[in-house]
Amino acid sequence: MGFPISRPRRLRRSETMRRMVRETRLSSDNLIQPFFVCPGKDVTRPVASMPGVAQMSVDRVAAAARETYAAGVPAVILFGIPERKDAQGSEAWNDSGEVQRAIREIKERVPGLVVVTDVCMCEYTDHGHCGALKGNDVDNDATLELLAREALSHARAGADIVAPSDMMDGRVGAIRDALDENGFADVAIMAYSAKFASAFYGPFRDAAESAPKFGDRRSYQMDPPNGDEAIREVALDLEEGADIVMVKPALAYLDLIYRVKREFMVPVAAYNVSGEYAMIRAAGLNGWIEEERVVMEVLTSIRRAGADMILTYFATEVARRLNG
Ligand code: PBG
């Protein structure tokens, strides 16, 4: 018997063989497509820093949602760009706001599609922070009430899942109570549990017009070096009633996706955020990388790390490729 005894290459010799031993598979079932809903009718406004992504009016979002579902993607997540902003972000709980109308329109036209809504104040406040201000900082406990109102308004419009992304302490519990007290015990919560104060959200803030007018989000979003704290955040959200927990961003935090899945064995979502999308798109458009292969490799890695669901701006086009 010659050296070496073990030859892992034996199982890599053909695509058929590789298919037999492949450990992770990306399916369109794993994907969630984000949409940015803006005022107006027949409006599609491309987002400069996210080629291929646009703000769309309710009618256009509903049409796009139909295509997303037809491609095999089970869910969308909606972000709103309101007509007007104020200090409290009161458009967030306007029952005829952009997101609320989009939910109703999608539910009517694409009943099978799961509708998730982002619950946060930053798109609705004139100062761009994720809650009500007290001085120059976000007032945690005063914000809980506003988030609960927003979540409730989404639930009334027909949302299946609400996804709080503000990072206030206690918000999952506050939203759960509000939903339960108002007859929405069946509406699920996908908590942005380990959400970091990341530079990768830059393009999103163009898309959602939600950049803070002063300061940054470091007093509420997590400090990127902290891994154990992410586990504690997830534990708190689960105690407060989260059904799905999220790690965000995805790629620089794959270790946390892995740890969260191992530790809690609950449904885990990962957000492949705007900056991650923009980097791949930009390099792809320049011909510097093979974009399609890079996208599949990246999304498959997020699955391999342990994510059950991936929120990604690539969702619909990847689903089309996967499903032929
Ligand atoms: C709202 C929110 C943000 C994202 C999702 N929900 C932006 C932020 O926290 O500043 C980022 C998504 C992305 O970058 O793709 N708070």
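Of all residues in region 101-110, which are over 17 Å from residue 155 (Cβ atoms) and either surrounded by fewer than 18 Cβ atoms within 10 Å (Cβ to Cβ) or of a type in the set (Asp, Glu) (or both)? Hit for region 101-110 is 109, nothing else.
Let's see how each residue does on (1) more than 21 Å from residue 77 (Cα to Cα); (2) acidic (Asp, Glu):
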residue: 239; (1), (2): yes, yes
residue: 243; (1), (2): no, yes
residue: 265; (1), (2): yes, no
residue: 270; (1), (2): no, no
residue: 293; (1), (2): yes, no
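The residues of region 142-165 that are within 22 Å of residue 194 (Cβ to Cβ), assigned to a helix (DSSP H, G or I) and of a type outside the set (Gly, Ala, Ser), listed by number, are 143, 144, 147, 150. Each residue in region 116-136 was checked for being away from the ligand (no atom under 16 Å from the Cβ) and touching a residue at least 24 places away in the same chain (Cβ under 8 Å), and 1 of them qualify. Any idea which residue in region 262-273 is nearest to the ligand (Cβ to nearest atom), counting only those that are closer than 14 Å to residue 244 by Cα and open to solvent by less than 10 Å² (accessible area, probe 1.4 Å)? Among those residues, the one meeting the criterion is 271.
Considering each residue of region 81-93 in turn, at least one proves to be assigned to a strand (DSSP E or B) and either over 19 Å from residue 175 (Cα atoms) or open to solvent by 20 Å² or more (accessible area, probe 1.4 Å) (or both). Filtering region 166-188 to residues that are surrounded by fewer than 24 Cβ atoms within 10 Å (Cβ to Cβ) and not in a helix (DSSP H, G or I) leaves 168, 169, 170, 182, 183, 184, 185, 186, 187, 188. Take the residues in region 1-48 that are acidic (Asp, Glu) and part of a loop (DSSP other than H, G, I, E, B); name whichever of them is farthest from residue 77 (Cα to Cα). Here the answer is 23. Can you name the condition, by its number, that residue 124 falls short on among (1) closer than 30 Å to residue 59 by Cβ; (2) surrounded by fewer than 24 Cβ atoms within 10 Å (Cβ to Cβ); (3) not polar (S, T, N, Q)? Here residue 124 meets the rest and fails (2). Screening region 191-223 for residues that are free of Cβ contacts under 8 Å to residues at least 40 places away in the same chain, more than 18 Å from residue 89 (Cα to Cα) and not hydrophobic (A, V, I, L, M, F, W, C) and picking the one that is surrounded by the fewest Cβ atoms within 10 Å (Cβ to Cβ) gives 223. The set of residues from region 258-290 being within 24 Å of residue 205 (Cα to Cα) and among the β-branched types (Val, Ile, Thr) comprises 273, 280. Quick check: anything in region 274-282 open to solvent by 20 Å² or more (accessible area, probe 1.4 Å), under 29 Å from residue 133 (Cβ atoms) and within 16 Å of the ligand (Cβ to nearest atom)? Checked region 274-282: no residue is open to solvent by 20 Å² or more (accessible area, probe 1.4 Å), under 29 Å from residue 133 (Cβ atoms) and within 16 Å of the ligand (Cβ to nearest atom). For residue 210, the criteria (1) within 13 Å of the ligand (Cβ to nearest atom); (2) part of a loop (DSSP other than H, G, I, E, B); (3) modelled with pLDDT of 95 or more hold in every case but one, which is (3).
The values are calculated or read from the model by the stated rules, or taken from the named source; none is laboratory data. Fair warning: this is a prediction, and the values are worked out from it, not measured in the lab. Methodologically, a virtual Cβ is constructed for each residue, glycine included, from the backbone with ideal geometry; neighbour enumeration extends over all protein chains shown. The accessibility values were calculated without ligands, DNA or RNA, using every heavy atom of the protein model including side chains. Shrake-Rupley method; radii C 1.70, N 1.55, O 1.52, S 1.80 Å.
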